[in-house]
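Colleague: One structure is given below, represented as structure tokens, and several questions about it will come after.
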């Protein structure tokens, strides 16, 4: 510290090395994914409101749960993919649990809301198909992204 530096020297943004382009790409893709998931969530809330509100679903509670879990879901999915690409299985498992819990939370509220059988059978069938379809799509999409990233990555 004889050169007039402080204990915080080297913490300025100017002193930091530039971020790796791959890191920036991951940030961009993750941000884009979060925006897409939130937009889809808003559309899903509108559809649920127009179809399930008449059966007793509190659309405001559903919308709140759906929107607050959209961001952790999107980030969780993105981090699962990057953790698998980076061969960090512990991180992949942790983010997978975040993504799974966030994915299921709105559907669990819908199921809880219709627990007294106020929903007609078709709602239960559609709810099950949505969980199965969206869940399968998320897993397959993640698998394709991992394979694609590994195909273009230089051999380690």
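The values are calculated or read from the model by the stated rules, or taken from the named source; none is laboratory data. Because the structure is a prediction, the values reported are computed rather than measured. Every residue, glycine among them, receives a Cβ derived from its backbone with ideal geometry; neighbour counts consider all protein chains shown.
Colleague: So, residue 105, is that one surrounded by 15 or more Cβ atoms within 10 Å (Cβ to Cβ), without any contact (Cβ under 8 Å) to a residue 60 or more places away in the chain, under 9 Å from the mean Cα position of the chain (by Cα) and closer than 16 Å to residue 138 by Cα or not?
Modeller: Considered against the rule, which asks whether it is surrounded by 15 or more Cβ atoms within 10 Å (Cβ to Cβ), without any contact (Cβ under 8 Å) to a residue 60 or more places away in the chain, under 9 Å from the mean Cα position of the chain (by Cα) and closer than 16 Å to residue 138 by Cα, residue 105 comes out as no.
Colleague: Let me ask something else about it. Scan segment 79-100 and tell me whether some residue there is within 26 Å of residue 123 (Cα to Cα), modelled with pLDDT of 90 or more and either surrounded by 14 or more Cβ atoms within 10 Å (Cβ to Cβ) or in contact with a strand residue (DSSP E or B) (Cβ under 6 Å, 6 or more places away or on another chain) (or both).
Modeller: yes
Colleague: Just the residues that are out of contact with any helix residue (DSSP H, G or I) (no Cβ under 6 Å at 6 or more places or on another chain) and more than 18 Å from residue 132 (Cα to Cα), please, taken from segment 83-111.
Modeller: 86, 87, 88, 89, 90, 93, 94
Colleague: Out of 68, 84, 59, which single residue is without any contact (Cβ under 8 Å) to a residue 60 or more places away in the chain and under 17 Å from the mean Cα position of the chain (by Cα)?
Modeller: Answer to the selection: 68.
Colleague: Mind counting the residues in segment 109-135 that are in a helix (DSSP H, G or I) and surrounded by 13 or more Cβ atoms within 10 Å (Cβ to Cβ)?
Modeller: Selection size over segment 109-135: 12.
Colleague: Whether any residue in segment 28-40 is closer than 26 Å to residue 102 by Cβ, outside any helix (DSSP H, G or I), modelled with pLDDT of 85 or more and in contact with a helix residue (DSSP H, G or I) (Cβ under 9 Å, 6 or more places away or on another chain) is what I want to check.
Modeller: The answer is no, given that none of the residues of segment 28-40 is closer than 26 Å to residue 102 by Cβ, outside any helix (DSSP H, G or I), modelled with pLDDT of 85 or more and in contact with a helix residue (DSSP H, G or I) (Cβ under 9 Å, 6 or more places away or on another chain).
Colleague: Which of the following residues is under 19 Å from the mean Cα position of the chain (by Cα), at pLDDT below 90 and more than 20 Å from residue 28 (Cβ to Cβ): 123, 139, 146?
Modeller: 139
Colleague: Taking residue 116, is it over 18 Å from the mean Cα position of the chain (by Cα) and within 24 Å of residue 26 (Cβ to Cβ)? Steps first, answer last, please.
Modeller: Details: over 18 Å from the mean Cα position of the chain (by Cα): yes; within 24 Å of residue 26 (Cβ to Cβ): no.
No.
Colleague: Let me ask something else about it. Regarding residue 75, is this residue in contact (Cβ under 8 Å) with a residue 12 or more places away in the chain, out of contact with any strand residue (DSSP E or B) (no Cβ under 6 Å at 6 or more places or on another chain), in a helix (DSSP H, G or I) and surrounded by fewer than 15 Cβ atoms within 10 Å (Cβ to Cβ)?
Modeller: No; evaluated as a whole, the condition is false for this residue.
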